[in-house]
Amino acid sequence: MTSAVVGFDWAHIPDTWPTTRIGALVSYVDEPSTTGTEQLHMLSRERGVLPRDHERQGVSVADSYVGYNRFRGGDIVMNKMQAWNGVFGLAASSGIISPDYAIFRPNPRVVDARFLVHLLRDPIYAGVFSGISRGMGTGFNRVHPEQFLKVPVPLPDLEMQRRIADFLDSELANLAHINDRSDRLTGLLEERKSALIAECFTFDEENEVSIVPLRRAVKRWIDYRGATPEKTDSGIPLVTAKNIREGRIALEASREYIAADAYKDWMRRGLLEVNDVLLTTEAPLGQVAMISNTYIALAQRVIVLRSNQELCSPTWLYWYLRSPQGQAELELRATGSTALGIKADRLRGVPIPLPRLHEASRRLSRLGVHVTNIEGLQKQLVRQRVLIAERRQALITAAVTGQFDVSTASGRNATEGVTV
């Protein structure tokens, strides 16, 4: 099969599948709401067309929804600006959605809407929709309905479309079930880790521990809150509050840099040392990391805590600030309505339990063994979810492009190696 469409690889499409323009399969629906009282919906690439709950989803409420696009069950909804990213959905019931979305009504005599949505969401069409997008700037390009309707698609007969859609519905449901179980296991492991951390800082007898303010456990405070250096395209990585998450420095969260020749002048408040503890003081409050590589610069809502090792090891300080008890003490002293933050004087007054150093070492050693095991299992679950996503996409692509016969496929290979 050949086609002049840019961005689509037709090499694997069966010769028996004719090419049909989308406009022969669906009609564009332009039915704005006259009352705005219908159920408001949203469109998610992963979950499809869903009712939108303002209170539970924290979305803003418009003064009026008059003029929003109406649709009914069985219609196909397209995000005009995200068509290249596969943001299409099949409506299960009637409702309204933002005018930024386009509505198409399939002709059930010629196309199974489920098959068409699977096809349009596949990455094989990313290049096609990128090529026909029009607008000002990459982030504002849209696929307009008249261009969308001209796009050709490979189309097997209606019976084969239904078989492919039924097959994918079944197999994707199996993969979703496995993924849900993986998510639940991840949550349970996180709860177990939190409980173990809390146990590390729980004491039965008052004489087992001294409670002191953080100012006594920290010998050096280096405050980089409110400071923003001149940024460059390369150089020394710049770490701000958004780079500190889940107990580590995540440079991938925001790749920003300062010039190497500006480093010493910028860090004049204090150079870093290995095992210094970083704490975010606002937006978000209470994220913690420990320095292993000093070749970074700091800015914006980050404080460096260097422990007084005669009283408190850096590791004890790190885990206490991550513990449920430490987090609760930070929040107790925080201020702010939209974003919690903590002032320096309040931070210095946060109480920290300090047992004898050998007892702290024993507790941390036990905690470290458990956390290492749990985080190992969590990494396996992350790899499993990546595998599931890859299997899911490969399965969809192979099915909607006719690379195997779903009539005889058992589906056993679809979930092989990813069971929980």
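The values are calculated or read from the model by the stated rules, or taken from the named source; none is laboratory data. Here the structure is a predicted model, which is why all the values come from computation and not from measurement. Quick reminder, even Gly has a Cβ in these numbers, built from the backbone with ideal geometry, and neighbours come from all protein chains shown.
Data table
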| quantity | calculated |
| --- | --- |
| Yes/no for Q309 being out of contact with any His (no Cβ under 9 Å at 6 or more places or on another chain), buried (at least 18 other Cβ atoms within 10 Å of the Cβ) and either among the β-branched types (V, I, T) or not assigned by TED's automatic domain parsing to the domain that holds E199 (or both) | no |
| Helices (runs of 4 or more DSSP H) enclosed by the stretch 63-153 - at least 3 residues per element that are within 23 Å of the chain's Cα centre (by Cα) | 113-121 |
| Residue ID - nearest to the chain's Cα centre (by Cα), chosen from residues in the stretch 218-274 that are within 20 Å of L317 (Cα to Cα) and assigned to a helix (DSSP H, G or I) | N243 |
| Residue check for E359: charged (D, E, K, R), within 26 Å of the chain's Cα centre (by Cα) and outside any strand (DSSP E or B) | no |
| Filter result (surrounded by fewer than 14 Cβ atoms within 10 Å (Cβ to Cβ) and closer than 20 Å to E273 by Cα) within the stretch 214-249 | R220 |
| Residue in the stretch 114-122 that is at pLDDT 95 or above and farther than 20 Å from V49 by Cα present | no |
| Selected residue (only one of I197, I211 is touching a residue at least 60 places away in the same chain (Cβ under 8 Å), surrounded by fewer than 17 Cβ atoms within 10 Å (Cβ to Cβ), closer than 26 Å to H370 by Cα and of a type in the set (V, I, T)) | I211 |
| Complete set of residues in the stretch 128-157 that are β-branched (V, I, T) and either modelled with pLDDT of 90 or more or under 24 Å from T20 (Cβ atoms) (or both) | V128, I132, V143, V151, V153 |
| Of the criteria (1) assigned by TED's automatic domain parsing to the domain that holds V386; (2) farther than 24 Å from N308 by Cα, which one I258 fails | (1) |
| Filter result for the condition that a residue is free of Cβ contacts under 8 Å to residues at least 24 places away in the same chain and not aromatic (F, W, Y), over A334, A339, A328 | A328 |
| Residues (exposed (fewer than 13 other Cβ atoms within 10 Å of the Cβ) and either in contact (Cβ under 8 Å) with a residue 60 or more places away in the chain or of a type outside the set (K, R) (or both)) located in the stretch 350-359 | H358 |
| Scan of the stretch 176-222 for residues that are within 30 Å of E390 (Cα to Cα) and not charged (D, E, K, R), ordered by number | A176, H177, I178, N179, S182, L185, T186, G187, L188, L189 |
| Residue check for A289: of a type in the set (G, A, S), surrounded by fewer than 20 Cβ atoms within 10 Å (Cβ to Cβ), not in a loop (DSSP other than H, G, I, E, B) and not assigned by TED's automatic domain parsing to the domain that holds S194 | no |
| Residue ID - nearest to I197 (Cα to Cα), chosen from residues in the stretch 334-349 that are β-branched (V, I, T) and loosely packed, with under 15 Cβ neighbours inside 10 Å | T335 |
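Here's the yes/no breakdown for (1) of a type outside the set (G, A, S); (2) within 30 Å of Y318 (Cα to Cα); (3) modelled with pLDDT under 95:
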| site | (1), (2), (3) |
| --- | --- |
| R163 | yes, no, no |
| D166 | yes, no, no |
| D169 | yes, no, yes |
| A176 | no, no, yes |
| G187 | no, yes, no |
| K193 | yes, yes, no |
| A198 | no, yes, no |
| D204 | yes, yes, yes |
| V209 | yes, yes, yes |
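A quick yes/no check of all residues on (1) surrounded by 12 or more Cβ atoms within 10 Å (Cβ to Cβ); (2) outside the structural domain of H118 (by TED's automatic domain parsing); (3) within 27 Å of I222 (Cβ to Cβ):
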residue	(1), (2), (3)
L332	no, yes, yes
S361	yes, yes, yes
L364	yes, yes, yes
L381	yes, yes, no
